[in-house]
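What follows is a single structure, written as structure tokens, with notes after it.
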Amino acid sequence: MDRRSFLKTSALGGGAAAATTLAAPAYAQGKRTLTMVTSWPRGFAVLDDAASYLEQFVSAMSDGNLTIDKKAPGELVGAFEVFDAVSSGQADMYHSADYYFIGQHPAFAYYTAVPFGGTAQEVTNWYEHGGGQELHDELGSIFNLKGLLAGNSGSQSGGWFRNEIASADDFNGLKFRMPGLGGKVLGKLGASVQNIPGGELYQALSSGALDGLEWVGPMADERAGFQEVAKVYYTAGFHEPGSALAANVNLDVWNDLTPQHQAILQNATRATTYYQLSETLANNGAALARLQQQGVKTLQFGDDVWDAFGAASAEIMDENMDDELFARTRASFEESLATSASWINKSDAYYVAQRVRVLGG
């Protein structure tokens, strides 16, 4: 099947009727506006922050000649409909987490996070210097997309629970929100895994539709208010050690941009990743302290639970190895990870451990 032709005629919540609700790109006096659909409600910490930074950086770097018109879920399309909207040309670009779209291709997981994957720095190392960008472009071209990363939340928390997790068996039957391949790992452990948009999570947790969920980290989780309805918080997770955000552009739109505007988008997305990640990491510690003051109990999973995560993760990753592009992407990513870790373990990681030992903290 010709994927690009299919998408241009497929239903996006209704086909031609939906297409008529989306404005075409604006051109006036040499200026261009790109419609960017997002998966984040306005004001969502970390995620909408990144989309807003990108919007601001592009306008400033182009002196207003290239601008982004950012749309929240429901303003043009739903949170999980942004992929098809941009792939089909009904919107110009999206800001989202690419692992939401592993149903389109499992390799999209690598452009957000994979279980036991890379930290934010390791993901950036691979993307910029280890072939990740080229593989993102190859994957995107199947779906008429130009791949760009724009943001990283850093290491995401293990999640919010009503009760403590004493063993991996406690996941059996648990109604839990976790997207991507990490969610499939919890499915292996017997959880009833759901992928619910961020704007609906508080209600789902407070109503009992979910027994637990993972979102981002202390800064974003505090603003979402999860501490009001759950008090057990696992601060380290296996599923997203460095979660990238994507700002993918319709490939036809990308090819129609001037080289200058392409360069602005490439460098604005890099600036967004740097700025948003540092904002998140700078604020997570203080946010965690406030959560604890509100009675939240912070815990770590036991080693036996981590071992169960590891065994199930290996199974999930191996299940996708019959896809040639996934296999090449995995090999490229893991080669880069090994190279990065060989130095980090002997430098940064060792130094931090010694600093904590000598000075405390």
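The values are calculated or read from the model by the stated rules, or taken from the named source; none is laboratory data. Since the structure is predicted, the reported quantities are computational estimates derived from the model, not experimental observations. With ideal geometry, Cβ positions are generated from the backbone for all residues, glycine too; neighbour counts draw on all protein chains shown. We work out accessible area using only protein heavy atoms, side chains counted, and drop any ligands, DNA or RNA first. Shrake-Rupley method; radii C 1.70, N 1.55, O 1.52, S 1.80 Å.
Inspect the stretch 140-160 for any residue being part of a helix (DSSP H, G or I), open to solvent by less than 40 Å² (accessible area, probe 1.4 Å) and not small (Gly, Ala, Ser) and give the result as yes or no.
Going through the stretch 140-160, the residues part of a helix (DSSP H, G or I) turn out to be 140-142.
Checking the rest, the ones that are also open to solvent by less than 40 Å² (accessible area, probe 1.4 Å) come to 140.
Then drop every residue that is not not small (Gly, Ala, Ser), which leaves none.
No, there is no match, as no residue in the stretch 140-160 is part of a helix (DSSP H, G or I), open to solvent by less than 40 Å² (accessible area, probe 1.4 Å) and not small (Gly, Ala, Ser).
For the subset of the stretch 325-361 comprising residues that are open to solvent by 80 Å² or more (accessible area, probe 1.4 Å) and under 23 Å from the mean Cα position of the chain (by Cα), which member is nearest to Ser141 (Cα to Cα)?
Ranking the candidates gives Arg328 first.
Within the stretch 290-324, can you find the residues that are open to solvent by 40 Å² or more (accessible area, probe 1.4 Å), among the hydrophobic types (A, V, I, L, M, F, W, C) and assigned to a helix (DSSP H, G or I)?
Trp306, Ala311, Ala314
Can you confirm whether the stretch 284-294 contains a residue that is among the polar types (S, T, N, Q) and under 24 Å from Ser96 (Cα atoms)?
Within the stretch 284-294, one or more residues are among the polar types (S, T, N, Q) and under 24 Å from Ser96 (Cα atoms).
State all residues of the stretch 90-114 that are closer than 21 Å to Gln194 by Cα, more than 13 Å from the chain's Cα centre (by Cα) and either open to solvent by less than 10 Å² (accessible area, probe 1.4 Å) or of a type in the set (A, V, I, L, M) (or both); if no residue qualifies, say none.
Ala107
Within the set of pairs 6 or more residues apart or between chains, which connect a residue that is at pLDDT below 95 inside the stretch 328-355 to a residue that is of a type in the set (Val, Ile, Thr) with Cβ atoms less than 8 Å apart?
Here the result reads none, with nothing in the stretch 328-355 linked to a residue that is of a type in the set (Val, Ile, Thr).
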